[in-house]
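For reference, the structure is listed below as structure tokens.
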Amino acid sequence: MAKEKLNLLESTCVPLPVENVDTDQIIPARFLSSTSREGFGDNLFRDWRFDHEGRPLEGFILNNKKYSGKILVAGKNFGCGSSREHAVWAVYDYGFRVVISSFFADIFRNNALNNGLLPLILPEHEVQNLMTLVTAAPETTVKINVMERKIEIPSSGKSFTFEINPYKQECLIYGLDDIDYLINMRGRISDFEKKRGGLR
Amino acid sequence: MNQKTLFDKIWDAHRVHSIDDGPDVLYIDRHYIHEVTSPQAFRGLEERGITVFRPSLTLATADHNTPTIDQHLPIKEELSRIQVDKLKENCSRHGIELFGLGHNNNGIVHVIGPELGYTRPGMTIVCGDSHTSTHGAFGTVAFGIGTSEVEMVLATQCILQTRPKTMRITVDGALGKAVTSKDIIMHIIALLSTGGATGYFVEYSGPAIMALSMESRMTICNMSIEMGARGGLIAPDETTFSYLKNTKYYSVNSEFENDLKKWKDLITDSGASFDKEITISAESVRPMISYGTNPGMAVAIESSIPETEGMNNHDEENYVKALSYMGFRPGMKLEGHPVDYVFLGSCTNGRIEDFRAFASVVKGRKKADNVTALLVPGSKLVEEQVKKEGLLRILHDAGFELRQPGCSSCLAMNEDKIPAGRYAVSTSNRNFEGRQGPGARTLLASPLTAAASAVTGRITDPRTL
């Protein structure tokens with residue numbers, strides 16, 4: 001099934017200078033008891049964002065009106081821990097389309113790409129520079145071009161290229177789905193099974 | 001020539017196709033599912049109007065949000081009940097075998113798969129749960145996946161996956177007294193940090209690993225994900241084969257001798273090379289305990305919490321913030337710190353061997369009055385075995401109760417939550433903020449350390465009892 005496409009994006013950023021953000025912080029387990037993919041954004045970073053009575057906690061970045069946008073800039077090893085795809089659904093449902101970090105946990109990165117959320121990797125010092133810049137100047141916009149694998153910060157005149165698997169790049173740009181790709185391979189998969197002597 | 005690692009042998013035997021400049025199409029031999037990460041995948045199939053491609057290769061259980069008392073009654077929490085009902089409905093509609101709540105084979109997915117003989121050497125195994133790495137103890141390529149990938153496997157028995165790099169961790173020598181496999185893996189994670197193995201698939205080897213029982217090997221592979229590894233595996237040997245021979249699967253299936261022949265080649269060739277190699281000595285491993293908010297933040301139990309010297313401002317800020325969540329300070333001694341809760345269980349340490357270890361410490365002693373203990377078997381079979389071996393009697397005499405199987409306090413999706421601010425010595429796998437309940441403070445440790453702390457009411461080195 002087609003997903004939302006992502007090629008060109010220009011947006012302000014939300015800085016989250018925390019390392020090893022685990023998926024229990026992104027979406028605590030007690031909010032996983034849903035059978036649909038929608039609505040998880042309300043509980044994104046729940047225990048950092050709200051107190052136990054549901055009142056917004058002033059110090060947390062998502063509650064600071066100065067910061068908004070479709071790009072989250074995060075510390076290294078973002079999305080470690082549990083495999084829950086609910087974490088990606090929460091980040092996406094809240095409105096983010098790109099997360100920038102110096103590295104991502106493997107399962108989170110796969111889950112993100114399967115949902116049209118771009119996990120964009122930059123060298124650690126560049127993530128830190130961007131973090132400092134957008135924290136001080138929340139109006140800073142960042143331009144991302146998936147086709148050209150380019151990220152540009154017009155106000156500082158900086159631009160970088162980022163790595164992305166060409167197959168996944170195409171999936172993002174055209175909103176393609178791995179499941180459709182695999183379903184079209186069912187015949188070939190059956191042949192593979194026959195060759196190795198049936199099901200085990 | 002062409003010397004291969006065990007990981008490469010298994011991966012290559014399951015590669016249906018390689019996309020140019022893209023991931024591999026990997027065939028999956030065994031797919032485990034549970035109530036929390038599967039409903040959206042089944043809904044996806046329905047929206048596409050397709051059925052499950054190979055229903056006989058998927059096995060289901062209810063474990064994540066299920067209660068651990070009064071399992072014969074309807075689940076009180078409405079959303080949890082809906083998820084468990086939905087699993088039942090999806091399995092029956094698609095012809096998938098389900099060991100649901102109350103079934104004799106029910107339990108935590110990573111406990112029942114191995115103990116029933118569904119996990120076998122050389123397989124590729126996935127589940128919508130990061131601790132799927134557990135099954136690597138049998139010489140399998142096993143790893144956790146997201147719900148979109150669960151849908152891929154249901155739809156085609158395959159997933160698209162980029163081949164990870166390989167790492168070998170060799171543990172030489174022999175373990176000291178009261179040092180367990182939980183301590184080995186916590187020692188390794190503390191060494192590498194919580195993201196130190198990201199992008200790698202790990203093979204554990206060396207005399208200290210091969211001397212371990214299957215239960216202990218599963219504990220090691222289980223926590224591979226806590227250093228970011230895609231998975232961890234151990235080459236199968238006589239210990240593996242004799243464990244498998246006694247499982248329910250081979251008690252009704254006469255294929256054991258035949259299968260055994262296929263498993264003999266499942267080793268890393270002597271000339272094969274890894275992208276990274278690490279060697280540690282088992283003698284350097286002490287009983288470990290975590291003090292922070294990720295599994296990499298752990299020390300030998302007799303040590304103090306590390307000081308901040310040498311850290312940059314940014315790291316120090318993160319570090320002090322984690323310690324303040326825990327109510328700790330740099331330089332503090334952990335031994336002797338009061339404990340409120342003790343949790344024995346989870347896919348890391350909820351097996352029969354863990355209950356034997358716990359019982360061996362509390363035998364003839366009494367639970368401390370200030371401690372609330374949650375003892376949760378990993379499965380119905382473990383629960384039965386605890387009773388059969390007379391361990392339940394020992395636990396009762398020492399003032400402990402046994403609960404019913406499930407994931408329980410490990411992720412606290414059910415009612416088994418640790419209250420805010422309270423300290424729990426936990427045999428589980430994660431000490432993230434709020435993991436065991438909002439505000440809960442988790443101290444990860446082995447079943448021996450948990451038992452020692454349960455009887456003294458304080459963090460206690462099991463070697464001192």
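Points worth noting:
- Counted residues, the stretch B:175-200 - those being within 12 Å of chain A (Cβ to nearest Cβ) and over 20 Å from residue A:21 (Cβ atoms): 1
- Among (1) surrounded by 16 or more Cβ atoms within 10 Å (Cβ to Cβ); (2) under 30 Å from residue B:169 (Cα atoms) - the single one residue B:3 does not satisfy: (1)
- Check on residue A:100, surrounded by 24 or more Cβ atoms within 10 Å (Cβ to Cβ) and away from every other protein chain (no Cβ under 12 Å): yes
- Identity of the residue in the stretch B:265-276, open to solvent by 30 Å² or more (accessible area, probe 1.4 Å), of a type outside the set (A, V, I, L, M, F, W, C) and assigned to a loop (DSSP other than H, G, I, E, B), that ends up nearest to residue B:140 (Cα to Cα): B:265
- At least 2 residues being in contact with a helix residue (DSSP H, G or I) (Cβ under 6 Å, 6 or more places away or on another chain) and closer than 25 Å to residue B:460 by Cβ is the threshold, and among the helices (runs of 4 or more DSSP H) wholly inside the stretch B:169-264 those reaching it are B:181-192, B:214-222.
- Every residue from the stretch A:156-173 that is assigned to a helix (DSSP H, G or I) and closer than 24 Å to residue A:106 by Cβ: A:166, A:167, A:168, A:169, A:170, A:171, A:172, A:173
- Any chance residue B:243 is open to solvent by less than 20 Å² (accessible area, probe 1.4 Å) and among the aromatic types (Phe, Trp, Tyr): no
- Note on the stretch B:417-461: residues that are in contact with a strand residue (DSSP E or B) (Cβ under 8 Å, 6 or more places away or on another chain) and among the β-branched types (Val, Ile, Thr) amount to 6.
- Scan of the stretch B:371-391 for residues that are touching a helix residue (DSSP H, G or I) at 6+ places or on another chain (Cβ under 7 Å) and either assigned by TED's automatic domain parsing to the domain that holds residue B:63 or outside any helix (DSSP H, G or I) (or both), ordered by number: B:371, B:373, B:374, B:375, B:376, B:377, B:378, B:379
- Strands (runs of 3 or more DSSP E) lying entirely in the stretch B:1-119 (those with 3 or more residues that are within 13 Å of chain A (Cβ to nearest Cβ)): B:15-18, B:24-27, B:30-33
- Scanning the stretch A:1-46 for residues that are assigned to a strand (DSSP E or B) and crowded, with 17+ Cβ neighbours inside 10 Å turns up A:9, A:11, A:12, A:13, A:14, A:15, A:16, A:22.
- Residue A:70 vs. criteria within 8 Å of chain B (Cβ to nearest Cβ), over 27 Å from residue B:35 (Cα atoms) and at pLDDT 95 or above: no
- Filter result (within 11 Å of chain B (Cβ to nearest Cβ), over 15 Å from residue B:164 (Cα atoms) and of a type in the set (A, V, I, L, M, F, W, C)) within the stretch A:104-127: A:112, A:113
- Some residue of the stretch B:424-439 being surrounded by fewer than 23 Cβ atoms within 10 Å (Cβ to Cβ), more than 14 Å from every other protein chain (Cβ to nearest Cβ) and not in a loop (DSSP other than H, G, I, E, B): no
The values are calculated or read from the model by the stated rules, or taken from the named source; none is laboratory data. Here the structure is a predicted model, which is why all the values come from computation and not from measurement. A quick note on method: Cβ atoms are made from the backbone with ideal geometry, for glycine too, and the neighbour counts reach across all protein chains shown. Areas reflect the complete protein model, heavy atoms only, side chains present, ligands, DNA and RNA absent. Shrake-Rupley method; radii C 1.70, N 1.55, O 1.52, S 1.80 Å.
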